[in-house]
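Comments concern the structure below.
The values are calculated or read from the model by the stated rules, or taken from the named source; none is laboratory data. The shown structure was predicted, so the numbers you read here are calculated from the model rather than taken from an experiment. Neighbour counts run over all protein chains shown; Cβ positions are idealised from the backbone, glycine included. To get the accessible areas, we keep the full protein, side chains included, count just its heavy atoms, and leave off ligands, DNA and RNA. Shrake-Rupley method; radii C 1.70, N 1.55, O 1.52, S 1.80 Å.
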Amino acid sequence: MPNSFIRLVADKNIPYIQGLLDPYATIKYLEPEEVTPALLRETDGMIIRTRNICSRQALEKSEVKLIATATIGTDHIDTDYCRERNITVVNAPGCNAPAVAQYVFASIMQLINRPLGSYTLGIVGVGHVGSIVEQWAKAFDMPVLLCDPLRREAEGGDQWVDLDTIAAKADIITFHTPLIKDGSYPTYHMADETFFGKCRRMPIIINSARGAVTDTKALIEARKQGRVSRLVVDCWENEPAIDRDLLALADIATPHIAGYSQEGKIRASQVALDAITTFFMLPRVTVDAPLPPAPAVSVSKADLLASYNPMPESDAVKAHPEDFEKIRNSYKLRHEVPQGLDRS
């Protein structure tokens with residue numbers, strides 16, 4: 001019999017979790033819009049994703065003690081308020097990093113037909129995702145510029161550059177930062193009018209981080225003025241109500257699915273399940289799928305091209321932007337690119 005004293009809510013769109021906790025707790029699987037403040041007054045724990053907004057207003061009268069988000073980021077959660085209320089927040093850093101790297105390179109290969117080594121890649125944010133992007137880029141003999149002020153401050157070394165250098169010297173700029181609105185190194189609108197005004201090589205801009213890392217109006221103007229040559233947009237401000245002008249200008253426009261691999265979802269779902277069972281002292285449960293291998297150290301161009309093509313999702317979003325969320329939720333999870341040795 002389930003423990004009716006432990007009341008859980010889970011986003012029904014999170015794969016690999018349904019039915020696993022039912023023997024041990026009372027659990028409801030719901031769409032994000034069905035998770036109301038009134039419901040949370042009778043909820044002890046949550047398994048969520050980015051569409052579940054855990055604001056002060058949503059949580060202030062709740063009984064929630066644990067939020068397990070099957071995502072790398074936590075900007076959809078008011079973490080300051082959670083600390084005030086002693087609500088534990090657990091996320092899954094790095095779970096989808098190989099998939100996002102796969103998306104970045106698959107998109108690049110759709111847009112260029114010259115050897116990758118002839119392009120300088122600027123990586124803004126060199127954490128779980130950015131480190132894999134760096135590793136693969138070097139395997140393709142690409143010159144790489146790294147911008148990560150937090151790592152630069154913590155580790156030192158001369159391998160780091162600032163954002164102005166990225167703007168001036170990179171042919172391709174890819175963002176892999178969390179969304180941070182305050183503190184010493186905010187990332188909100190870090191790619192703004194000033195940043196794009198310093199772009200010298202008409203770079204390809206790739207945002208598979210968070211929509212508000214780039215200033216939408218500034219990005220549109222930069223593309224119209226020719227300061228940037230191509231746009232790859234997976235993360236948008238105000239999702240799912242995406243900007244139609246930016247959509248029209250984007251060469252690749254996808255519905256926030258850069259990290260949507262089977263392996264990434266398995267990792268994230270297992271982290272969320274472990275958080276629930278540990279916190280509430282329930283028997284451990286495991287996803288009904290093989291645990292994925294470690295990320296590929298290097299990949300081949302042929303394997304990347306065979307593993308993923310972002311254009312079908314881009315065409316779908318461009319044709320029906322009003323179906324952004326529907327396209328995202330119905331996306332068929334892909335496999336990550338395998339380890340490869342061929343640099344061709």
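Quick notes
- Averaging the Cα positions of each part gives two centres, and for region 313-331 and region 226-241 these lie 15 Å apart.
- Summing +1 for each Lys or Arg and -1 for each Asp or Glu among the other residues whose beta-carbon sits under 15 angstrom from that of Gly125 gives -4.
- Packing, taken as the mean count of other beta carbons within 10 Å per residue, orders the peptides 123-133, 23-33 from highest to lowest as 123-133, 23-33.
- For region 1-79, the Kirkwood radius over C-alpha pairs fed into Stokes-Einstein at 10 °C and 1.306 mPa s yields D = 126 µm² per second.
- Probing with 1.4 Å while keeping every protein chain in the model, the per residue accessible area of the chain equals 45 Å².
- The mean sequence distance of close C-alpha pairs (under 8 Å, at least 6 residues apart), as a share of the length of region 146-208, puts its relative contact order at 37 percent.
- Normalised contact order of region 58-173, rounded percent, pairs of Cα under 8 Å and 6 or more residues apart: 21 percent
- Convex hull of region 81-220 built on C-alpha atoms - directionally averaged projected area, nm²: 9.5 nm²
- Estimated D of region 206-336 in µm² per second, where Rh is the Kirkwood radius over Cα pairs and Stokes-Einstein applies at 20 °C, 1.002 mPa s: 127 µm²/s
- Radius of gyration and maximum dimension Dmax of region 180-264, Cα, Å: 13.0, 40
- Over 26 Å apart at the Cα level, from the set Lys12/Lys61; Lys169/Lys301; Lys217/Lys332; Lys198/Lys224; Lys65/Lys265; Lys224/Lys265, are Lys217/Lys332; Lys224/Lys265.
- Over the chain, relative contact order from alpha-carbon pairs under 8 Å, at least 6 apart, %: 16 percent
- Candidate aspartates and glutamates for bridging to Lys318, where Cα separation is under 17 Å - those fewer than 8 sequence places away on the same chain excluded: Asp234, Glu237, Glu239, Asp243, Asp245, Asp251
- Packing rank of 105-111, 148-154, where each peptide gets the mean count of other beta carbons within 10 Å, highest leading: 105-111, 148-154
- Hydrophobic, long helices, defined as DSSP H runs whose alpha-carbon span along the helix axis is 20 Å or greater and whose mean Kyte-Doolittle value is at least 0.5, occur in the chain at 97-111.
- Legend: translational diffusion of region 219-276 by Stokes-Einstein, Rh = Kirkwood radius over C-alpha pairs, 37 °C, 0.692 mPa s; D = 243 µm²/s.
- In terms of the mean number of neighbouring beta-carbon atoms within 10 Å, the peptides 288-300, 159-171 order highest first as 159-171, 288-300.
- log10 of Debye I(q)/I(0), alpha-carbon scatterers only, for the chain at 0.08, 0.09, 0.12, 0.13 Å⁻¹: -0.39, -0.50, -0.88, -1.02
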